[in-house]
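Below is one structure, written out as structure tokens, with a few remarks after it.
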Amino acid sequence: MKDKLLHTPEGVRDIYGTECAAKLILQKKLDQVLKLYGFRDIQTPSFEFFDIFNQERGTVSSKDMYKLFDKEGNTMVLRPDITPSIARCVAKYYKEEELPIRLCYIGNTYINSTTYQGKLNEVTQLGAELVNDDSVDADAQMLAITIECLLKAGLKEFQLEIGNADFFRSLISEAGFENEEDIVKLKTSIENKSMFGVEDLVKNKKISQELKEIFLKLPELFGSIEILDYAKSLTNNPRAIKAINRLEELYDIMAIYGFEKYISFDLGMLSKYDYYTGLIFKAYTYKTGEAIVTGGRYDNLVGQFGKNCPAIGLAIVIDNLMTALSRQKLLPRIEASDTMILYRQEYRKHAIALANYFRKEGNNVVLQLSNAHISKSNMSADNKSMDILSLNDYRSYMQRMNIGGLLLIDNDNEITIIDAHDGSIKKADFKELIGSK
């Protein structure tokens, strides 16, 4: 009976080979940007008590979480979002700190949702959280970090769309929306740019015609800096105008950074995370419809864990960024840096000595006992005196494993050096190489 081939569940995937290497290189580059801005690493558990992510926190819906139970019967969840975990840590470990706290992380998140068909349920996020700073300068710094990270990743064309969660909340409050189901439907219609859906929800509301008009225009309130002036002309709501004024001030600071060309505005932007209180943003690039970065200000979340303080964060979705880089042919090229030492059994001592020497010099070495017949006679440049099939087997293996060169030890005196790319052959004196060190 043949062994049954086991597949991964829907929504997850294996990452290996040069793709995995490229992902690790990308993560290292982005982490360096965060370190340049003074952020320090923090690690939180992959699963926590359900209460960390319950509905009151404003994170994803309970039905979209992966749940499990510990031996005491407590409900646990695989984290769908890392921000609440960071908020919990800040309240616990930095309760008395009043000056800014800068934390960064990398980890996987897990969302179990049938609406995510065709999307990954497990993704890697690299993010940063700036706590104890409610200034617009803090907002600008997080946007600047986002842009620098995307430039560092190699993207040349992308856009950072910016909104303000409080703009929408102020209109909801003015309109007297209290039914949570209606608010969710309204948010969905606005996010989908469905003016008919919005109209259906507000037409029977006892609100001013002007307020109805601005709800209907929300799906259209996106564009350059000029859209903010237009939005202010539509409302007399002081809270809404304050939200827009903050976005204008933010734009001025981004111009000082020199990053204003990457900025656009979307006052109809909303988030599935209800804990956002002010600035919200998403970054997009071409050849992928998914946001590659999300983030925003959450001034009330940490307080739910016992420390009242403002905070703002960003999360780079590494998997979406990798997809964009791949489709734009911008993924870093993974050079074959390893060298394989292929040796016959009787030359094991020589092979281990050579491998130890190269590793101490900082070189990657694959030490491999040969099970092929290789002629002991001197090999000419045209490979005529060796077993070509056996050599080709190893060359194919080197290409599959991205190994750049081969050192063949099949006699006491010489090492044969074979380049995996062009097949060129050189010889080196083994005793001279090892004995000189």
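The values are calculated or read from the model by the stated rules, or taken from the named source; none is laboratory data. These numbers were taken from a predicted model, which means no experiment stands behind them. No Cβ is skipped: glycine too gets one built from the backbone with ideal geometry, and neighbour counts run over all protein chains shown. Calculation scope for accessible area: heavy atoms of the full protein, side chains included, ligands and nucleic acids excluded. Shrake-Rupley method; radii C 1.70, N 1.55, O 1.52, S 1.80 Å.
Figures for the structure shown
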{"quantity": "Test: residue in segment 423-434 that is open to solvent by 60 Å² or more (accessible area, probe 1.4 Å), over 19 Å from ARG359 (Cα atoms), at pLDDT 75 or above and in a loop (DSSP other than H, G, I, E, B)", "calculated": "no"}
{"quantity": "ILE263 within 23 Å of the chain's Cα centre (by Cα), among the aliphatic types (A, V, I, L, M) and farther than 30 Å from MET65 by Cα", "calculated": "yes"}
{"quantity": "Pairs with Cβ under 6 Å, 6+ apart, first in segment 251-268 and closer than 12 Å to ILE162 by Cβ and in contact (Cβ under 8 Å) with a residue 40 or more places away in the chain, second among the acidic types (Asp, Glu) and open to solvent by 30 Å² or more (accessible area, probe 1.4 Å)", "calculated": "MET254/GLU260; SER264/GLU161; ASP266/GLU161"}
{"quantity": "Residues located in segment 51-65, provided they are more than 20 Å from LEU270 (Cβ to Cβ) and open to solvent by less than 50 Å² (accessible area, probe 1.4 Å)", "calculated": "ILE52, ASN54, MET65"}
{"quantity": "Residues within segment 220-239 that are assigned to a helix (DSSP H, G or I) and in contact with a Ser or Thr (Cβ under 7 Å, 6 or more places away or on another chain), tallied", "calculated": "1"}
{"quantity": "All positions within segment 214-236 that are open to solvent by less than 30 Å² (accessible area, probe 1.4 Å), within 30 Å of the chain's Cα centre (by Cα) and closer than 20 Å to LEU186 by Cβ", "calculated": "LEU218, PRO219, LEU221"}
{"quantity": "Qualifying residue in segment 4-12 (condition: at pLDDT below 95, among the polar types (S, T, N, Q), surrounded by 12 or more Cβ atoms within 10 Å (Cβ to Cβ) and in a loop (DSSP other than H, G, I, E, B))", "calculated": "no"}
{"quantity": "Verdict on ALA255 being among the small types (Gly, Ala, Ser) and either under 30 Å from GLU181 (Cβ atoms) or not in a helix (DSSP H, G or I) (or both)", "calculated": "no"}
{"quantity": "Residue in segment 358-399 that is most open to solvent (accessible area, probe 1.4 Å), counting only those that are assigned to a helix (DSSP H, G or I) and modelled with pLDDT of 90 or more", "calculated": "LYS360"}
{"quantity": "Criterion violated by PHE158 - all others in (1) under 13 Å from ILE292 (Cα atoms); (2) open to solvent by 30 Å² or more (accessible area, probe 1.4 Å); (3) touching a helix residue (DSSP H, G or I) at 6+ places or on another chain (Cβ under 6 Å) satisfied", "calculated": "(2)"}
{"quantity": "Segment 340-352 - residue that is open to solvent by 40 Å² or more (accessible area, probe 1.4 Å) and touching a residue at least 12 places away in the same chain (Cβ under 8 Å) and, of those, farthest from ALA153 (Cα to Cα)", "calculated": "GLN345"}
{"quantity": "Options LEU330, LEU354: the member that is of a type in the set (A, V, I, L, M), modelled with pLDDT of 90 or more and assigned to a loop (DSSP other than H, G, I, E, B)", "calculated": "LEU330"}
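Quick grid of which residues meet (1) touching a Leu at 6+ places or on another chain (Cβ under 7 Å); (2) surrounded by fewer than 18 Cβ atoms within 10 Å (Cβ to Cβ); (3) under 17 Å from LYS261 (Cα atoms):
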site	(1), (2), (3)
ASP134	no, yes, no
ALA138	yes, no, no
ILE162	yes, no, yes
ALA165	no, no, no
SER170	no, no, no
